[in-house]
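Here is the structure we will look at.
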Amino acid sequence: MKNKLIALSKEKGFKSKIIQFDDYKSMSDDKYYLWLCELKMWLMRECGLFCYGNPVSHLQEFQAAVERDDLINFNTVYDSIVDSDNEETRLFKSLPIALEKALLEGLKLTDK
């Protein structure tokens, strides 16, 4: 999922100002997570999308979700627990993996 997320983020116009890398394999897990957080902020500022991972069961499973700011409310546009396409609950084993999924779904919703 990392390669897909990085490629889509570049396609949509995201350029990291903090984390520079040639290949995600050259980054530590901590550095990659910082890159995810920078992408999360970019999606919030530039696209009005709030992408996040949420703990569900004792920090062992995490939900991925995306909310859109429509100036009146936040509307949930993707939720891995209530995914109408799959109609199944999808939980992730770590916060970074849930955040990756939320960011990927958020990028798919952007016009950039």
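None of the figures in this text is laboratory data; all of them are computed from the coordinates on show. All of these numbers come straight from a predicted model, not from anything done at the bench. Virtual Cβ from ideal backbone geometry, glycine too; neighbours counted across all protein chains shown.
In deg cm²/dmol, rounded to 500, what helix-only [θ] at 222 nm does the chain give when every DSSP H run of at least 4 residues adds -39500 (n - 2.57) and the total is split over its residues? Walk me through the intermediate numbers first.
On the way: 3 runs with 43 residues, N = 112.
Per the formula, -12500 deg cm²/dmol.
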Over the chain, relative contact order from alpha-carbon pairs under 8 Å, at least 6 apart, %: 27 percent
Selection from ILE72, ALA102, ILE19, by position along the positive dipole direction of the chain (Cβ): ILE19
For region 52-68, 3J(HN,Hα) per residue [Karplus equation, 6.51 cos²θ - 1.76 cosθ + 1.60, θ = phi - 60°, Hz, x = Gly/Pro]: 7, x, 10, x, 10, 9, 6, 6, 10, 9, 10, 8, 10, 8, 9, 10, 10
FRET E, pair ASP69, LYS4, Förster distance 30 Å, beta-carbon r, rounded to 0.05: 0.75
16 Å Cα-Cα reach of LYS25 towards lysines, excluding residues that sit fewer than 8 places from it in its own chain: LYS2, LYS4
